[in-house]
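Worksheet: the structure to be examined is printed underneath.
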Amino acid sequence: GDTSHMSFMTYLTKFPVHVALARKPEKTQWWRVDDPEFRHRAVMGLFPDFEDNQARSRNNILFRYEFIPGQAPYFLVQSDCDVVAPDLEGVIETKQVEYPSYENGTPIIFRLALNTVTRRTIETNGRKREVITPVALQPLDVETGLNPAEKHVAYKLSTALQGIEFLNHNRQVLQVPKVSRALQIDTFDCMGVVTDSQALEHIMHAGLGRAKAYGCGLLTARRAA
């Protein structure tokens, strides 16, 4: 079937990190930019009080920490619903946009933040525990020459994109306060060719991979010149 007319409407919000830090809720002990819980609560605080735990996924709320040289760092937030934050009127920018549909064969440039970690649950003597392996600790791929994180990205996107070339790769490791757990976020700038526009649209709308509540999974794209 022809999927060239598929697209979706979404809200994009540019939420400066210093503004988010200044909105500290009462009784909050930890409110630091490198705390994943802060990032989650700051972004969800842009929306009305949702009743349920599924609010983020039901409204396709995704975000990414953007650090562009010469600009103040900001959260780029994508959501099906509009922001409700009267105190931030004129301070943050929100616009409703229609995401274009990229036909099969279209070369695109895209940015993706991904939690490049594999998880397995192991049971010993009836007790379950999760084993988390950062992809970075896995060896270089001899055939493709890709590092493990890049190989992971190419694999995760293989339903939608082929011929992925990596232009840039940044890693942030965020520490969860009071817990000996770190969250690894890899941000990739890539080129690729669309092989399934519907699969790409789904990834762009719903996000990719784990830890979406903490700033992973958002893919934004533009047509390559």
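The values are calculated or read from the model by the stated rules, or taken from the named source; none is laboratory data. What you see is a predicted model; the values in this text were computed from it and never measured. Neighbour counts are summed over all protein chains in view; Cβ atoms, including those assigned to glycine, are modelled from backbone coordinates with ideal geometry. All accessible areas refer to the heavy atoms of the entire protein, side chains included, with ligands and DNA or RNA removed. Shrake-Rupley method; radii C 1.70, N 1.55, O 1.52, S 1.80 Å.
Using DSSP loop states and a limit of at most 15 other Cβ atoms within 10 Å to flag GluC sites (Glu not before Pro), what is the longest stretch of the chain containing no flagged site?
With GluC sites (Glu not before Pro) excluded where exposed in loops, the chain gives 144-225 as its longest stretch.
At a Förster distance of 45 Å, what's the computed FRET efficiency of Q54 paired with E143, Cβ-Cβ distance as r, to 0.05?
That gives a FRET efficiency of 0.65.
If you take the square roots of the eigenvalues of the alpha-carbon gyration tensor of the stretch 19-131 and sort them as a ≥ b ≥ c, do you get rounded (a/c under 1.5), prolate (a/b over b/c) or oblate?
oblate
K95 to W31: FRET efficiency via 1/(1 + (r/R0)^6), r the Cβ-Cβ distance, R0 22 Å, to the nearest 0.05?
In this case the efficiency is close to 0.20.
How much length would be gained if the chain were fully extended between L21 and E165, taking 0.36 nm per residue of separation minus their Cα-Cα distance, in nm to one decimal?
That pair, L21 and E165, stretches by 48.3 nm at full extension.
Can you tell me the Rg and the Dmax, both Å, for the Cα atoms in the stretch 150-206?
14.3, 44
Which one, G207, G215, G192, has the greatest fluctuation when you compute a Gaussian network model over the chain with C-alpha springs under 10 angstrom?
Highest fluctuation among the options: G192.
Consider the candidate values (1) -0.24, -0.40, -1.09; (2) -0.29, -0.47, -1.03; (3) -0.20, -0.34, -0.97; state which one is log10 I(q)/I(0) by the Debye sum over Cα atoms at q = 0.07, 0.09, 0.15 Å⁻¹ computed from the structure displayed.
Derived directly from the coordinates: (1).
Based on the mean of other beta carbon atoms within 10 Å per residue, what is the order of 184-191, 67-74, most packed first?
Those peptides, ordered most packed to least, come out 184-191, 67-74.
Heavy-atom accessible area per residue, the chain, 1.4 Å probe: how many Å²?
Per-residue value: 56 Å².
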